[in-house]
């Protein structure tokens, strides 16, 4: 059959074969690129699934002065043990009293966490509700701004206090409780409450902390060390299996 005027001649068998080879090569390249991309995305997801965001909110009110050295030593021991654990983690540490809310560290790699010493200076009163509410809101905003590849798969917020709320001005118990429950249910965050000189379980319950993640400790040198040891075990367990299993009790000094 003759070609229409101005039309090109049909491709020869060799030309068809070359075109097929080129198209096939392109197709294989495209599939390889997609496979490589999927592998990279999978690797990114696996990295994400190993990352834990650890947030420590430490009471720095005046009553902590009597156990300051043990709180500092307990915290440093906690960090040492966490550094030995497999898996990626970030650490945020905030000290609070009625005069200040100080972020000593924010979202840094756990392995880069320095030794705590003079930065922790207890004084003034205990705005426990304000500090907890602010921590949740600022953490939520910071994580929302992270790329998906570095989003933590697990988040744990730990509150360590040796006294009762006595000076908050911006958050009520009901507001804090609602925020904690929202983040637990919607985002799977874990909240831990370690308290001395109060009924830890009653105080924690009113603020929304689960009983299983709450513990009371004695505000003594040994009791404080024991509290940080229990805190370390709780975080190690959470990083390993995603649950907290060693709290929900009064921490005894002779354990």
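The values are calculated or read from the model by the stated rules, or taken from the named source; none is laboratory data. None of the values given here were measured: they were computed from a predicted structure. As a convention, Cβ positions derive from the backbone with ideal geometry for all residues, glycine included, and neighbour counts pool all protein chains shown.
Observations on the model:
Quick grid of which residues meet (1) more than 16 Å from residue 188 (Cα to Cα); (2) in a helix (DSSP H, G or I):
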position: 203; (1), (2): yes, yes
position: 219; (1), (2): yes, no
position: 223; (1), (2): yes, yes
position: 227; (1), (2): yes, yes
position: 235; (1), (2): no, yes
position: 238; (1), (2): no, yes
position: 246; (1), (2): yes, no
position: 252; (1), (2): yes, no
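- Against the criterion of being touching a helix residue (DSSP H, G or I) at 6+ places or on another chain (Cβ under 8 Å), modelled with pLDDT under 95 and in the same structural domain as residue 64 (by TED's automatic domain parsing), residue 213 does not qualify.
- Residue 232 meets each of the listed conditions (1) farther than 18 Å from residue 135 by Cβ; (2) under 20 Å from the mean Cα position of the chain (by Cα); (3) surrounded by fewer than 18 Cβ atoms within 10 Å (Cβ to Cβ) apart from (3).
- Test: residue 191 is at pLDDT 95 or above, touching a helix residue (DSSP H, G or I) at 6+ places or on another chain (Cβ under 8 Å) and part of a loop (DSSP other than H, G, I, E, B): no
- Residues of the range 126-143 satisfying the condition of being surrounded by 21 or more Cβ atoms within 10 Å (Cβ to Cβ) and out of contact with any strand residue (DSSP E or B) (no Cβ under 8 Å at 6 or more places or on another chain): 129, 133
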